[in-house]
Amino acid sequence: MNSKDAKKPTQKSAFREWLDSVLFAVVAATLIRFFLFEAYTIPTPSMESSLMVGDFLFVSKMHYGVRTPKTPLQLPLTHQKIWFTNIPSYLRWLNLPTLRLPGFTEVKKGDAVVFNAPNWEDDGDAPLDLRTFYVKRCVGTPGDVIEVRNQQVLINNKALENPERMQHPVFMKTKETLEESFFDQFGIRNSPDASFDSADWLPLADSLNQLVGYKLNTSQVKISEISKSSFAKSFDYDSFKDVKGQAFEAIFPHDTTSFKWNRDWFGPLQIPAKGWTVNLDAKNVKLYQEAIQKYEGNDGITIDGDKILQNGKVLNSYTFKQDYYFMMGDNRHNSADSRFWGFVPADHIVGKAVFVWMSLDPNKGLFSGKIRWNRIFRFVN
């Protein structure tokens, strides 16, 4: 054969090489995101001081096992909408059952867990795997009896170890006038839209408008640091506690007549476990009706007062098909969690928060402490 007749390999154009590189990067990122790790940002203060607004996390999918997608027909690297539009990023033409591949551990009490928020109205009818992501701390696992008694979480009537940086509001009694810079040095800062309930520090005055002290929403670690300051002060831990027997309509199961529960006094409540059979009666239907109706994949479930019916027949007992968990934020008076919306089903679990790779203070400028260097490259605990 004449060498002139031999075909020369076709050289790719610069655009084709660029396109191939982009395609490879998207496929690789999608596989990593699906099987290994995914990046998330902390948008709310519900986990402060353990996790801060502006923390960027790596979340491991491997710990609890990879969850198969319910809606595989989705534009890669998107969530509910296509970037900068209101157009859904997925198609419902293929709707698969949710399965989980084996992981190398189970969800444990004390884990910081990322999950799809159950019963979040803003998600509308979005598929399970595309619903809003939350990160909270697991405080109760399947089969546990959970109770919050005077702010202390109890599991099976034994006190659960509190997170080191768990926050509660306390009253610091003092006549010392303190500026924002004083609290800032302890990492106690208010967001621009802070209210009385959400503020991390707030001056309080008496009827004569004389300073009597400050409301602080912070951890015992920081209170110990403030205690070393030279001015006269004392701390009252009871001023902002919810009163025992005071029922909150917003608290699960949203029945203030039968359940006098609030943020600091909650339960006892048994968390459903796969295979657990509960005898249903007027006293507990409100506790389990949402799980049975919405998360168990049952058809024909209706609620009639204090009765649960399936296809018109009253259920006197029910055996659960999956495990459930109870999640709470470390910022105990500024967290929407299981005390408000109940159990987290196992198929809502996404992964374990393991690592903070970047942290940006939303209230600071680029050259005035925007990057929180002391939080970068730290493990979540």
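Is it the case, given these coordinates, that Ala29 is at pLDDT 75 or above, small (Gly, Ala, Ser) and surrounded by fewer than 16 Cβ atoms within 10 Å (Cβ to Cβ)?
For Ala29, the condition - at pLDDT 75 or above, small (Gly, Ala, Ser) and surrounded by fewer than 16 Cβ atoms within 10 Å (Cβ to Cβ) - is not met.
Where strands (runs of 3 or more DSSP E) fall wholly inside the range 283-337, the ranges with 2 or more residues that are of a type outside the set (S, T, N, Q) are 301-304, 307-310, 324-328.
Considering Ser207, Ser224, Ser191, the condition of being among the hydroxyl-bearing types (Ser, Thr, Tyr) and closer than 24 Å to Leu360 by Cα is satisfied by Ser191 alone.
Among the residues here, Lys370 qualifies as in the same structural domain as Asn116 (by TED's automatic domain parsing), at pLDDT below 95 and charged (D, E, K, R).
Residue pairs whose Cβ atoms lie under 8 Å apart, sitting 6 or more positions apart in sequence or on different chains, and linking a residue in the range 240-268 that is closer than 17 Å to Asn162 by Cβ to a partner that is of a type in the set (Gly, Ala, Ser), are Trp265/Gly245. The set of residues in the range 362-378 being in a loop (DSSP other than H, G, I, E, B) and either touching a Gly at 6+ places or on another chain (Cβ under 6 Å) or of a type in the set (A, V, I, L, M, F, W, C) (or both) consists of Pro362, Leu366, Phe367, Ile376, Phe377.
Here Ser359, Ser335 are screened, and the one residue that is surrounded by 22 or more Cβ atoms within 10 Å (Cβ to Cβ), over 30 Å from Leu99 (Cβ atoms), of a type in the set (Ser, Thr, Tyr) and in contact with a strand residue (DSSP E or B) (Cβ under 6 Å, 6 or more places away or on another chain) is Ser359. Restricted to strands (runs of 3 or more DSSP E) entirely inside the range 119-229, no element has at least 2 residues that are crowded, with 18+ Cβ neighbours inside 10 Å and touching a helix residue (DSSP H, G or I) at 6+ places or on another chain (Cβ under 6 Å). Within the range 253-274, the residues that satisfy the criterion of being closer than 18 Å to Gln152 by Cα, touching a strand residue (DSSP E or B) at 6+ places or on another chain (Cβ under 8 Å), assigned to a loop (DSSP other than H, G, I, E, B) and not aliphatic (A, V, I, L, M) are Trp261, Arg263, Asp264.
The values are calculated or read from the model by the stated rules, or taken from the named source; none is laboratory data. Just so we're clear, the structure is a prediction, and the values are computed from it rather than from any experiment. Cβ sites come from the backbone with ideal geometry, for glycine too, and all protein chains shown count toward neighbours.
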